[in-house]
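S.K.: I am attaching a structure below and will ask some questions about it afterwards.
FYI, it's all coordinate maths here, none of it is from the lab. All of these numbers come straight from a predicted model, not from anything done at the bench. All Cβ positions, glycine included, derive from the backbone under ideal geometry; neighbour counts span all protein chains shown.
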Amino acid sequence: MQNEEFLIAIGQMLKHIRIEAGYTSYEKFAIEHDIDRKYYWSIEKGRNISVSYLKRLLDIHKLSFSDFFNRID
């Protein structure tokens with residue numbers, strides 16, 4: 001998997017997990033968790049994400065890195 005494809009897969013999985021958690025709107029999710037809306041939107045679209053920011057998002061969803069990455073093909 002190329003870097004760009006990997007980032008897109010991360011973004012798609014974050015979106016899937018957000019929706020599973022009952023947040024149909026990325027904006028509502030971002031606001032409720034004090035996350036920059038535009039940055040979060042860009043992550044879901046496959047833009048670059050720092051490891052520390054990914055950890056913050058996974059903590060919100062109560063997921064470990066291994067749980068998260070095992071869900072990605």
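S.K.: Just give me the residues in the stretch 19-49 being within 14 Å of Ile8 (Cα to Cα), among the small types (Gly, Ala, Ser) and part of a loop (DSSP other than H, G, I, E, B), in sequence order.
M.R.: The answer is Gly46, and nothing else.
S.K.: Moving to a separate point now. Of all residues in the stretch 28-58, which are acidic (Asp, Glu) and surrounded by 13 or more Cβ atoms within 10 Å (Cβ to Cβ)?
M.R.: Taking the stretch 28-58 as the starting set, the residues that turn out to be acidic (Asp, Glu) are 32, 34, 36, 44.
Across the stretch 28-58, the qualifying residue is only Glu44.
S.K.: If you go through the stretch 15-24, how many residues are over 13 Å from the mean Cα position of the chain (by Cα) and either over 19 Å from Leu63 (Cβ atoms) or surrounded by 13 or more Cβ atoms within 10 Å (Cβ to Cβ) (or both)? Full working, then the answer.
M.R.: The initial filter retains those residues of the stretch 15-24 that are over 13 Å from the mean Cα position of the chain (by Cα), namely 22, 24.
Subsequent filtering for residues that are either over 19 Å from Leu63 (Cβ atoms) or surrounded by 13 or more Cβ atoms within 10 Å (Cβ to Cβ) (or both) retains 24.
Result for the stretch 15-24: 1.
S.K.: For the stretch 52-68, what are the residues that are in contact with a helix residue (DSSP H, G or I) (Cβ under 9 Å, 6 or more places away or on another chain) and part of a helix (DSSP H, G or I)?
M.R.: Passing the criteria: Tyr53, Leu54, Lys55, Leu57, Leu58, Ile60, Phe65, Asp67, Phe68.
S.K.: Of all the residues that make up the stretch 15-51, how many are in contact with a helix residue (DSSP H, G or I) (Cβ under 6 Å, 6 or more places away or on another chain) and closer than 14 Å to Phe68 by Cα?
M.R.: 2
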